[in-house]
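First up is the structure itself, then whatever we jot down about it.
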Amino acid sequence: MCGIIGAAAERDVVPILVQGLRRLEYRGYDSAGVAVIDDQACLDRARTTGKVKDLENLIQQNPVRGTVGIAHTRWATHGKPDTRNAHPHICRDTVAVVHNGIIENFESLRDEQIDAGYEFTSETDTEVVVHQIFGHLEAGANLLSAVQNTVKDLEGAYALGVISNKEPGRLIAARRGSPLVIGIGIGEYFIASESAALLPVTQRFIYLEDGDVADITRDSLSIYDVGGRSVERPIRETELTADAVERGQYRHYMLKEIFEQPQALADTLLGCISGNHVLEESFGHEAASIFEDVDNVHILACGTSYHAGMVARYWMEALAGIPCNVEVASEFRYRNPVVRKNALVVTISQSGETADTLAALKEAKARGFGKALGICNVPESALVRESDLVFLTRAGPEIGVASTKAFTTQLLALLLLAIILGRRERLSAADEAVLVAQLMTLPGKVEHVLGLSDEIKVLSEEFADKHHALFLGRGAQYPVAMEGALKLKEISYIHAEAYPAGELKHGPLALVDAHMPVIAVAPNNDLLEKLKSNLQEVRARGGELYVFADAEADVEDKPSVNVFNVAPTEDAIAPIVFTIPLQLLAYHVAVLKGTDVDQPRNLAKSVTVE
């Protein structure tokens, strides 16, 4: 969602702020702005709708400079995309604020402030924050105290960056529910929504905890917890470099990330296998004792991560022999789930900051479910801190909004978990050895599928004039079909739906005609013959079929049946392998249609508000 960056330094911070905003563009936004305190202790601001490049052009025409500043990319929640709704927001030329999150009690605060004579110039909930801070300043508080008093008045989620010309060298940061990180430079400090925004200036970070307020100048940093007590937070040094989030030779981040999957999968496997054995310790040092008591699994996730959980349900039941529930995290917390003792609550999130998933985890804990395992790509995230056990996928930074390598590494993590849990129920040592051997071939199998890219690029021309598409899969391939449909719709804007192939006669066949392409995934498994029958049903009704089939599945290329052969793949790892061609299809169709592949309209990479 929205992106925050701020800085306190001896040098002009505007170039740093703008560069940071560029590195946060992938999160999704509709406007951008910057505010700084200049050499004369004046508060200057520039903001505009559109892209960061539009903000850069504005700054070139009307330069702003300063050694303390904040900047923001906004994804509209309260108020339409408009310059007057863009951040930073300013109160009476004195205080400027940038904000991520949602202030749930903004209407009551707004009414109080209007009665007190404050003028509102935007439709945003954020404006109540800046007025509230100004009010505490007017009452005699310093900037730190004004922010500390203000956050006590707020209900909801927020990450804040605050500056004031009353104290021109000071930058205050605060967080509750939305992520915020402090970057440590040499004689300078920074804040940002995530560390990737600051990699060009530092690799040393402090990750603020919920309720923290930080008081920052260019040569000092103090952090206070929710109770106002001075605290020390650990400094962490990231292994990421600035180059890790560059596109390199690729036209789009998404294509780069698709082609990074063999390495991401190999990196995720590293340290998880010893001989023919999956190591429990890869899930945490307490994993062995926690797993011993598990008799069911409860998976909570959103979006693409939810699809990963759906695939895992098949693995948990088939390999581990234990019950598995999978729920959309945003729905779980608003019903009354039956508490299942000895459940392993598995939460899945690429960023580890997905608001609904975090809230669902807290709800599960409060209701007395079992221990929690977080599967995540970001070691410093809130999900990692809240979980009893953690498995870190090694996907590296994922910039494209449409998740690719995060999804396949999540699948790999879940398959490893199913194998470990299966050892206690139905998997013999010989069975495990066979599965481990399959896992070791996985990066190579994915590399082979990537070789279909040029063929799929040609295929994408068939979708240039299409407005709808149907995806089919059976068994564990049904969630893979769901993920393929999601990818196509989110970046090409083609309406796409996925169905279990066996459900065709229960409604979807009514949609099939020559204008409705049908995409199917056909691994060589026990359900293959049933899938072939389903495909014949489509063909008999004039549908055009595009089938990604195991090379040994004997699916024939014929009129209205276009077959793309995938290297022979064992059933356990097939969901991971067969995901890749669907990613490539979505990518090439989106490029052909001329959409913004990495930043599709209306979407954000990290959904950090409910």
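The values are calculated or read from the model by the stated rules, or taken from the named source; none is laboratory data. Predicted model only: the values in this text are computed from it and were never measured. Every residue, glycine as well, gets a Cβ built from its backbone with ideal geometry; the counts of neighbours run over all protein chains shown. To get the accessible areas, we keep the full protein, side chains included, count just its heavy atoms, and leave off ligands, DNA and RNA. Shrake-Rupley method; radii C 1.70, N 1.55, O 1.52, S 1.80 Å.
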Residue within the stretch 249-256 that is out of contact with any Gly (no Cβ under 9 Å at 6 or more places or on another chain), assigned to a helix (DSSP H, G or I) and open to solvent by 10 Å² or more (accessible area, probe 1.4 Å) present: no
All positions within the stretch 26-75 that are part of a helix (DSSP H, G or I) and either touching a strand residue (DSSP E or B) at 6+ places or on another chain (Cβ under 7 Å) or under 17 Å from residue 91 (Cβ atoms) (or both): 27, 52, 54, 55, 58, 59
Residues of the stretch 76-110 satisfying the condition of being out of contact with any Phe, Trp or Tyr (no Cβ under 8 Å at 6 or more places or on another chain), within 26 Å of residue 166 (Cα to Cα) and not in a loop (DSSP other than H, G, I, E, B): 83, 84, 85, 89, 90, 96, 97, 98, 106, 109
Of all residues making up the stretch 160-218, the number that are of a type in the set (Val, Ile, Thr), at pLDDT 95 or above and either open to solvent by 30 Å² or more (accessible area, probe 1.4 Å) or farther than 21 Å from residue 378 by Cα (or both): 6
Condition met for residue 411 (closer than 21 Å to residue 286 by Cβ and assigned to a helix (DSSP H, G or I)): no
Which listed residue, of 333, 340, is open to solvent by 20 Å² or more (accessible area, probe 1.4 Å) and over 17 Å from residue 371 (Cβ atoms): 333
Selection status of residue 99, surrounded by 15 or more Cβ atoms within 10 Å (Cβ to Cβ) and free of Cβ contacts under 8 Å to residues at least 60 places away in the same chain: no
Selection status of residue 94, open to solvent by 10 Å² or more (accessible area, probe 1.4 Å) and in contact with a Lys or Arg (Cβ under 8 Å, 6 or more places away or on another chain): yes
Residues being of a type in the set (A, V, I, L, M) and within 26 Å of the chain's Cα centre (by Cα) - total across the stretch 163-196: 9
Filtered residue count, the stretch 364-376, keeping only those that are open to solvent by 20 Å² or more (accessible area, probe 1.4 Å) and either within 20 Å of residue 238 (Cβ to Cβ) or of a type outside the set (A, V, I, L, M, F, W, C) (or both): 5
Unique match (being in contact with a Ser or Thr (Cβ under 6 Å, 6 or more places away or on another chain), aliphatic (A, V, I, L, M), open to solvent by 10 Å² or more (accessible area, probe 1.4 Å) and within 24 Å of residue 209 (Cβ to Cβ)) among 141, 157: 157
Residue in the stretch 372-384 that is over 13 Å from the mean Cα position of the chain (by Cα) and in a loop (DSSP other than H, G, I, E, B) present: yes
Residues that are closer than 27 Å to residue 500 by Cα and open to solvent by 20 Å² or more (accessible area, probe 1.4 Å), drawn from the stretch 436-452: 438, 445, 448
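Listed here are the residues, each with its yes/no results for (1) polar (S, T, N, Q); (2) not in a helix (DSSP H, G or I).
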| position | (1), (2) |
| --- | --- |
| 298 | no, yes |
| 304 | yes, no |
| 307 | no, no |
| 312 | no, no |
| 319 | no, no |
| 322 | no, yes |
| 340 | no, yes |
Search result, residues across the stretch 117-135 that are in a loop (DSSP other than H, G, I, E, B) and surrounded by fewer than 24 Cβ atoms within 10 Å (Cβ to Cβ): 117, 118, 119, 120, 121, 122, 123, 125
Breaking point among (1) among the acidic types (Asp, Glu); (2) open to solvent by less than 50 Å² (accessible area, probe 1.4 Å); (3) closer than 22 Å to residue 481 by Cα, for residue 280: (3)
One residue from 349, 381 being surrounded by 24 or more Cβ atoms within 10 Å (Cβ to Cβ), in contact (Cβ under 8 Å) with a residue 24 or more places away in the chain and more than 30 Å from residue 585 (Cβ to Cβ): 381
Checklist (1) modelled with pLDDT of 80 or more; (2) open to solvent by 70 Å² or more (accessible area, probe 1.4 Å); (3) in contact with a strand residue (DSSP E or B) (Cβ under 8 Å, 6 or more places away or on another chain) applied to residue 571, failing item: (3)
Pairs with Cβ under 8 Å, 6+ apart, first in the stretch 38-50 and surrounded by fewer than 16 Cβ atoms within 10 Å (Cβ to Cβ), second of a type outside the set (A, V, I, L, M): 39/65; 39/66; 39/67; 41/165; 41/168; 42/165
Residue selected from the stretch 453-495 under the condition assigned to a helix (DSSP H, G or I), of a type in the set (A, V, I, L, M, F, W, C) and touching a Phe, Trp or Tyr at 6+ places or on another chain (Cβ under 6 Å), by the criterion surrounded by the most Cβ atoms within 10 Å (Cβ to Cβ): 480
Index of the failed condition, residue 425 passing every other in (1) more than 26 Å from residue 323 (Cβ to Cβ); (2) open to solvent by 50 Å² or more (accessible area, probe 1.4 Å): (1)
Unmet criterion (only one of (1) within 30 Å of residue 343 (Cα to Cα); (2) open to solvent by 60 Å² or more (accessible area, probe 1.4 Å)) for residue 235: (1)
Within the stretch 51-65, tally of residues that are in contact (Cβ under 8 Å) with a residue 40 or more places away in the chain and within 15 Å of residue 193 (Cβ to Cβ): 0
The stretch 295-314 - residue that is under 19 Å from residue 363 (Cα atoms) and more than 14 Å from the chain's Cα centre (by Cα) and, of those, surrounded by the most Cβ atoms within 10 Å (Cβ to Cβ): 300
